[in-house]
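Have a look at the structure below before the remarks.
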Amino acid sequence: MNISGTARFISDLHLTSERPDLTARFATFLANTASEKISSLFILGDLFDAWIGDDDLAQPLHAEVCELLRRLHEQGTQVFFIAGNRDFLIGDAFARASGMQRLSDIEKVGAGDTPQNLAPVSEKPLRETAVIIMHGDTLCTDDTDYQSFRQLVRNPAWQADFLAQPLTERRAQAVALRQKSKVATREKSQDIMDVNADTVQKVFAASTCRRLIHGHTHRPGYEKMMLADGAAERWVLSDWDTHRGDALEMDAAGNIRRIDLSR
């Protein structure tokens, strides 16, 4: 799997049938990605606002997104996916139908490199062009309630039990969970829901790589950090919403630029 060309990174689109404008913007972005001959597209989680199982592929929005990704894949762009906190149940069936490859929660990507799981860390030395990629929710360790919930729903036994339920029941549970999450978010401080600086440093400490790209926090930005062994940088992707949205693009030399997708 050669990703030595230009790569793009997106996160937190939260696609839903209630927001056809976001799906249309996504379609335009994918068409541009194909026309620009982008080598690889990395979707860093929360492609959908909720995902209740691959047996819901026939839902019109899911079928449309699947076809859009399949078309991009067939036009020569490799598509990779890291699960987010909303769509961690995306499985092999969706991946096969869309032509994308699922990745682990944290990966490294460098010019000319194949994505490699960072747990455990590979002994292969990283190029300076390499970046660590992840959704970003595991960096928010101050939000202990969420981290406990994450541990529960990532348990294979919990997932098997949930997926064994009829689609109608799963849809109802997903709606209830989203409402509960919205209430909890309003009651939490913004600092609790942001990344923990010590956790970010631990991610860097586990790798010789010194660049990180993630989403999840909905706080797009760039941070330059000083570690014990030198400088590091953290790039944060935006969520997609009204007048919001972006992508990061990394060329073969490792240069990163932000693309405005807010319209």
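Output the residue which, of all residues in segment 162-218 that are among the charged types (D, E, K, R), open to solvent by 80 Å² or more (accessible area, probe 1.4 Å) and modelled with pLDDT under 90, is farthest from ALA228 (Cα to Cα). Ranking the qualifying residues of segment 162-218, first place goes to LYS180. Among helices (runs of 4 or more DSSP H) entirely within segment 5-113, having at least 2 residues that are among the hydroxyl-bearing types (Ser, Thr, Tyr) and surrounded by fewer than 22 Cβ atoms within 10 Å (Cβ to Cβ) singles out 20-35. Evaluating LYS224 against the criteria (1) touching an Asp or Glu at 6+ places or on another chain (Cβ under 7 Å); (2) open to solvent by less than 70 Å² (accessible area, probe 1.4 Å) leaves one unmet condition, (2). Within the set ARG263, ARG234, the sole residue that is within 19 Å of LEU13 (Cα to Cα) and either part of a loop (DSSP other than H, G, I, E, B) or under 20 Å from the mean Cα position of the chain (by Cα) (or both) turns out to be ARG263. Selection of first residues in segment 164-186 that are within 19 Å of LEU89 (Cβ to Cβ) and assigned to a helix (DSSP H, G or I) and of second residues that are among the basic types (Lys, Arg) and open to solvent by less than 70 Å² (accessible area, probe 1.4 Å), restricted to Cβ pairs under 9 Å at least 6 apart or on distinct chains, gives the following pairs, ordered by first then second residue: ARG178/ARG86.
The values are calculated or read from the model by the stated rules, or taken from the named source; none is laboratory data. For clarity, every value in this text was computed on a predicted model and none was experimentally measured. Backbone-built Cβ (ideal geometry, glycine too); neighbour counts: all protein chains shown. Side chains included, ligands, DNA and RNA excluded: accessible areas come from the protein's heavy atoms. Shrake-Rupley method; radii C 1.70, N 1.55, O 1.52, S 1.80 Å.
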